[in-house]
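Report on the following structure.
Derivation of every value follows stated rules applied to the coordinates shown; laboratory data play no part. Predicted model only: the values in this text are computed from it and were never measured. Virtual Cβ from ideal backbone geometry, glycine too; neighbours counted across all protein chains shown.
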Amino acid sequence: MSALYTAIATASGRDGRAVTNDGLLDVTLARPKELGGDGAGTNPEQLFAAGYAACFASAMNLVAGKLGLDVSEASVTAEVGLKPNGSGGFGLEVALRAELPDALSEEDGTRLLEATHQVCPYSNATRGNIPVSLVRE
């Protein structure tokens, strides 16, 4: 099956620039202060967090519609941590924090988050590679 959409971006490294082929995204990249940089730009972890949060929220709206749940006021925050992997490289860890409506029962909220985690393209891409925790806020 062919891709429904293909995003194209070019980057020159953690200290540089990232640009999409259509020019809609053009950001200065810089290592965060915590990694010895000046923090004067965004970084790959922030970009990944923004993409994952947006993708998961979109997938959650799709799943909620199929389950007959109203999550129109919901939001998702992704926390992406960079950590040593123990063999000289690095890995990521993710916490997805979903702010769901108070009216949504604990059971429905859990069912929604777990079903969304099966639908979201980022979740499917990271499964088995990155620890991802789902948290209801």
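The stretch 66-98: which GluC sites (Glu not before Pro) are DSSP loop and have at most 15 other beta-carbon atoms within 10 angstrom? Intermediate values should be presented prior to the final figure.
On the way: sites: E73, E79, E93; in loops: E73.
Sites meeting the loop and neighbour criteria: E73.
Starting from the 7 Å offset along Cα-to-Cβ, what nm value, one decimal, do you get for the label separation of D70 and L4?
Here the modelled spin labels are 2.6 nm apart.
Whole percent per 10 Å bin, from 0 to the bin with the longest distance: what is P(r) over all C-alpha pairs of the chain?
Binned Cα distances yield the sequence 11, 35, 33, 18, 3.
Name the chymotrypsin sites (Phe, Trp or Tyr not before Pro) in the stretch 1-103 that are in a loop by DSSP and that have at most 13 other C-beta atoms within 10 Å, would you? Walk me through the numbers before you get to the answer.
Details: sites: Y5, F48, Y52, F56, F90; in loops: Y5.
Within the stretch 1-103, the qualifying chymotrypsin sites (Phe, Trp or Tyr not before Pro) (loop, at most 13 other Cβ atoms within 10 Å) are Y5.
Based on DSSP, what percent of beta bridges with both residues in the stretch 48-137 are antiparallel, to the nearest 5?
Details: 10 of 15 bridges.
In the stretch 48-137, DSSP labels about 65 percent of beta bridges as antiparallel.
Which of D22, D70, D102 moves the most in a Gaussian network model of the chain with Cα springs under 10 Å?
Highest fluctuation of the listed residues: D22.
Just rank C55, C120, fewest to most, by other beta-carbon atoms within 10 angstrom.
On the way: C55 19, C120 24.
Fewest-to-most ranking of C55, C120: C55, C120.
For the residues V76, V63, V135, what sequence is obtained by ranking on other C-beta atoms within 10 Å, fewest first?
The order, fewest Cβ neighbours first, is V135, V63, V76.
Restricting to the stretch 1-42, compute how many DSSP beta bridges are antiparallel as a %, nearest 5.
Details: 7 of 8 bridges.
Among the beta bridges of the stretch 1-42, antiparallel pairing accounts for roughly 90 percent.
Please give the length that would be gained between D38 and F90 if that part of the chain were fully extended, namely 0.36 nm times their separation in residues minus their C-alpha to C-alpha distance (nm, one decimal). Spell out each step's value before the answer.
On the way: separation 52, 0.36 × 52 = 18.72 nm, distance 2.04 nm.
My answer for the length gained is 16.7 nm.
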